[in-house]
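Notes for the one structure printed next.
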Amino acid sequence: MPSFLVTKQMSPALAARVMASVTGRRAKTPGKRRRPLTAALRLAALVLMVATVGTVIHIRHRSARQLRETRESLLHAMRAEVSSLSAADRDTLRRVEAAISAHSAPGYAGDWIADDLQSESRLAEALQLPTIYVRGPQDRMAHPGSLAQIALDSRKDAFVLCLLDPPEARTEKALKAKARAATVRGKLMQVTANIEPLAPLFQALPLLNGDWERRAMVAEPIETLSRLRKMLEAAPVEAAVRAAKAHQLLVVMDEAGDAKGPTELDGERPHSMRVILVDLSNDKVRLRFRHDVDPSWISPNTRAEYASGIDSCGVAMDLRSAVLGRETILASDRQPAKH
Amino acid sequence: MAIAPDILHADATRRIDWERTRLAITMAFAGASSGGLFAEALESATVAPSYWRPSEFAEELFLQRFVTQCLRIKIGGKQPVMNGRHLYRLLSQPPADPAVVQFRREILFELTNDAPLRTELEKLYADLCRLRGLLENPGAMRVWDANRKRLDILHLFKSLLDRLATSFSHAQSGLRRLSEFGSEVQASEPFKALADLLQCDARLATVDVRVGVGVDGSVNGFEVISVNESKGNPFVNPVWRRWLAKFELFVRGYRFSDSEVLARLVDAVVSGLEDELISMVQLLGDLEFYLSALGFRDDAVAADLAVCLPEFVETTESRELRGLFNPLLLMSGVRPVASDVSSPRLASTTLITGPNSGGKTRLLQSLGLTQLLAQCGMFVPARAARIGWASGLVASLIEETKVDQAEGRLGMELMRIRTLFERLPAGALVLLDELCSGTNPSEGEQIFELVVTMMSQLEPQAFITTHFLAFAGRLQQEGKIPNMSFVQVELDQHRRPTYQFVSGVAKTSLAAHTAERLGVTGDQLSALIQQNLRVRPLSGGFQAN
């Protein structure tokens, strides 16, 4: 094996002598004789060290490659989701928050229905548009920080179902059927496919903006990237994209009502509901409607389980009637179902 | 490989034990103790073939004392430590080949007449002494940096080789070998490697710096402009290769250090020049021979005496020794009286007669040392000398009584004579002091005549002192023994010896004069007896002071 002490400039004779000195072949050199056992041990140690270093380098290289691939995969998946979002779509959540904040003030500005809604066909056409829906207490909606939690608690309910597909009669039985369908999320709810809850916007939209992408690009080790990927996979991205592309916002606000009255097991009680429909393309209100509800007319057996759904469905029917210029039915006029 | 620069013999040879010296030098480089490296190598060095037997003359001529006290080297007022045993062996065994003697004489002659050449030789010897000091580490001082020591040795070794190549190129004698040796080594690959290594040691890289100096003279800026490594040097490696080399050595069982890397390179260079380095050991001994001879000459000149390289003639020619002096007297601090000795034929027997303390024994010593030094190729203690080649030297000058001697004085003397004839080759120099003085004159004279008559058959160059004056006179008158001459101690007008020698046989040994000089007359002895009788009564025991 050549030696690093030998250089190209050395003559062959000198190189041979250097090799002899290094390998210990030069005889009669007391005290400088090479020690084979020591050399063997050191060689073994060197091989072990080189193998260890090589393994470490290989592992690090493989980890780096995995990290790079994972990151690219994650960014690719995210960009595929994001590619369909326009700048206006990314701004949807901000506009939703602004609209809710504007209409959640304690003082009610009065009912108002846009002219282009005041016909059966126009209303039906408007209600078929992609729409974000959220419902919550009016007083909490007034606080911007509470909206995310309200959105998570909100879901498509009997109000939405009855607004898009009203019962044929305003009887307890008919309303109850709608309320039950909304509760169990049966096939009847398919008519609300164009309605998207607000929650996915809060859950997934932050993952689709630039900050999250930059975070993914610098994230390491691979465990952090895996967590980011799980977050992305767990997030309702498709629902969020649909919500971001919604044309209008439908908000139902439950006012506090009379605290002295009875409260049903599902939380329903006498109170006022506000319904607001906002055109997200121009932030203009298309509909503002306020209506009182009182579950006391509902038969006791039904009221405990479906009071809220029945009231919500009733308000939706009343809203439709108000929009179409029909007479609304007050809570006191309603008749309990006959069992 | 260059031939060892042997400047003691006409045919260059390796005389020291090469392998043993190689081992000692290797150990010295490895940092082990190697005290006496040079001395051991030189003491066991072989010498040129010789017919002379030291046992037959060395003690009688006080050769050891002569070597120690008369053959000294002085360089710049300092007296380096010489290897006396090596020099003693050289002198006690003169070469049998006259060509070797002539080879040495030519070198000495050139050194005598070319002062700058002698100066260069002295410088070379001083460098060799330094090399000996570095290799032997005589003080057994701890070497803190083994590589530094090795490099110092190599620096000195290179300067030695350079000096050999350049300083003796104009020499006409055997000294030219030094130049040839140095030039041959300089042209070799190992020497180039040595030069490259030392150049690497002295200047691995050149760093250009710019130093800023403030108005108050303080240094306030230091900028390295460039670093240039000697890339053409075969020992210069890039930094990364130097690191890998250290790592490689570690794996091979060495230490992980720069010094180990350097040690391997030094070892590689030294291994290519081992023979040349060993040659320096032998060369040191050679130089001591010539420089000590020159030192002997210097001491003689300082005492207003003279030495010379003698003329060798056939033994049938006459002997001429002018201004002959005894160097043993010179070393004792006595200024010896130079004398002239001549005889019509070298192969002859010379009877020396004269008074006691007249210088006869000193003359025999001088003659013996002269013959010995001449046949070693050295200066002889004479202003001019014409001598013959002797096949050996047998001297019988000291006859001490020994505790365990088996015979009486005559018996011992007869044994000496028997031994003399057992060993005496033809044409040898024979020095006999007071032959047959241990018995009564009439019987002693018969043995004396027998010895001289028989010995003449071997045609020796014999010098015999005797107090058998009548006998010597008879031999002179009869002239029966061929090639016999007679010299006597010259006396002045007061019948005192002048320490010169003239032809003839002395009439008296002047024993009475000597006795008077030493206080052994009748009156002097009587006075001493009376004095003793006054101080020490015959009875009454010891007297207190």
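The combined condition, being under 13 Å from B:GLU276 (Cβ atoms), more than 14 Å from chain A (Cβ to nearest Cβ) and among the small types (Gly, Ala, Ser), is fulfilled by B:GLY182.
The residues in region A:117-128 that are at pLDDT below 85 and among the acidic types (Asp, Glu) can be counted, and the count is 1. There is no residue in region A:203-213 that is modelled with pLDDT of 90 or more, over 11 Å from the mean Cα position of the chain (by Cα) and under 30 Å from A:LYS284 (Cβ atoms).
Exactly one condition in (1) modelled with pLDDT under 95; (2) within 21 Å of B:SER292 (Cα to Cα); (3) not aromatic (Phe, Trp, Tyr) is not met by B:LEU91; state its number. Condition not satisfied by B:LEU91: (1).
For residues that are under 18 Å from B:TRP52 (Cα atoms) and aliphatic (A, V, I, L, M), scanning just region B:456-472, find the one that is surrounded by the fewest Cβ atoms within 10 Å (Cβ to Cβ). Per the criteria, the residue is B:LEU458. Could you tell me whether region A:109-123 includes any residue that is in a helix (DSSP H, G or I), out of contact with any Leu (no Cβ under 9 Å at 6 or more places or on another chain) and within 13 Å of A:VAL251 (Cβ to Cβ)? No, there is no match, as no residue in region A:109-123 is in a helix (DSSP H, G or I), out of contact with any Leu (no Cβ under 9 Å at 6 or more places or on another chain) and within 13 Å of A:VAL251 (Cβ to Cβ). Among the residues of region B:409-448, the ones that are surrounded by 16 or more Cβ atoms within 10 Å (Cβ to Cβ), over 27 Å from the mean Cα position of the chain (by Cα), in a loop (DSSP other than H, G, I, E, B) and of a type outside the set (Asp, Glu) come to 5 in all. The set of residues from region B:359-408 being among the charged types (D, E, K, R), farther than 24 Å from B:SER332 by Cβ and modelled with pLDDT of 95 or more comprises just one member, B:ARG386. Selection within region A:182-198: residues that are out of contact with any Lys or Arg (no Cβ under 8 Å at 6 or more places or on another chain) and in a helix (DSSP H, G or I). The member of this set that is nearest to A:PRO236 (Cα to Cα) is A:GLN190. If you go through region B:266-314 and pick out every residue that is more than 14 Å from chain A (Cβ to nearest Cβ) and outside any helix (DSSP H, G or I), you end up with 12.
Return a yes/no flag: does region B:529-542 have any residue that is farther than 29 Å from B:GLU445 by Cβ, at pLDDT 80 or above and in the same structural domain as B:VAL451 (by TED's automatic domain parsing).
To start, the set of residues in region B:529-542 that are farther than 29 Å from B:GLU445 by Cβ comprises B:529-542.
Retained after the next criterion (residues that are at pLDDT 80 or above): B:529-532.
Filter once more, keeping what is in the same structural domain as B:VAL451 (by TED's automatic domain parsing): none.
Checking region B:529-542: not a single residue is farther than 29 Å from B:GLU445 by Cβ, at pLDDT 80 or above and in the same structural domain as B:VAL451 (by TED's automatic domain parsing).
Tell me whether region B:504-517 contains one or more residues that are loosely packed, with under 11 Cβ neighbours inside 10 Å, modelled with pLDDT under 90 and not hydroxyl-bearing (Ser, Thr, Tyr). No, region B:504-517 contains no residue that is loosely packed, with under 11 Cβ neighbours inside 10 Å, modelled with pLDDT under 90 and not hydroxyl-bearing (Ser, Thr, Tyr).
Where helices (runs of 4 or more DSSP H) sit wholly within region A:210-300, those with at least 2 residues that are of a type in the set (Asp, Glu) and surrounded by fewer than 18 Cβ atoms within 10 Å (Cβ to Cβ) occupy A:210-218, A:222-234. Taking each residue of region B:8-35 that is surrounded by fewer than 18 Cβ atoms within 10 Å (Cβ to Cβ) and of a type in the set (Asp, Glu) and looking for partners that are at pLDDT below 85 and in a loop (DSSP other than H, G, I, E, B) with beta-carbon atoms closer than 9 Å, six or more apart or interchain, yields B:GLU19/A:LYS28.
Just checking, which of A:THR92, A:THR55, A:THR23 is closer than 30 Å to A:GLY145 by Cα and modelled with pLDDT of 80 or more?
On the way: A:THR55 fails: closer than 30 Å to A:GLY145 by Cα; A:THR23 fails: closer than 30 Å to A:GLY145 by Cα.
It is A:THR92.
Among the residues of region B:185-238, those identified as within 9 Å of chain A (Cβ to nearest Cβ), assigned to a loop (DSSP other than H, G, I, E, B) and touching a residue at least 24 places away in the same chain (Cβ under 8 Å) are B:ASN233, B:PRO234, B:PHE235, B:VAL236. Return a yes/no flag: does region B:248-265 have any residue that is at the interface with another protein chain (Cβ under 7 Å from one of its Cβ atoms), in contact (Cβ under 8 Å) with a residue 60 or more places away in the chain and either over 30 Å from B:GLY36 (Cα atoms) or surrounded by 22 or more Cβ atoms within 10 Å (Cβ to Cβ) (or both). Yes: region B:248-265 contains one or more residues that are at the interface with another protein chain (Cβ under 7 Å from one of its Cβ atoms), in contact (Cβ under 8 Å) with a residue 60 or more places away in the chain and either over 30 Å from B:GLY36 (Cα atoms) or surrounded by 22 or more Cβ atoms within 10 Å (Cβ to Cβ) (or both). Consider A:LEU175 carefully, then state whether it is out of contact with any Pro (no Cβ under 9 Å at 6 or more places or on another chain) and among the aliphatic types (A, V, I, L, M). For A:LEU175, the condition - out of contact with any Pro (no Cβ under 9 Å at 6 or more places or on another chain) and among the aliphatic types (A, V, I, L, M) - is not met. Set side by side, the residues B:LEU277, B:LEU294, B:LEU283, B:LEU309 differ, and just one is assigned by TED's automatic domain parsing to the domain that holds B:CYS70, among the hydrophobic types (A, V, I, L, M, F, W, C) and under 30 Å from B:THR370 (Cβ atoms), which is B:LEU283.
The values are calculated or read from the model by the stated rules, or taken from the named source; none is laboratory data. Being a predicted model, the structure only gives us computed values, none of them experimental. Glycine gets a Cβ as well: all are built from the backbone with ideal geometry, and neighbour counts include every protein chain shown.
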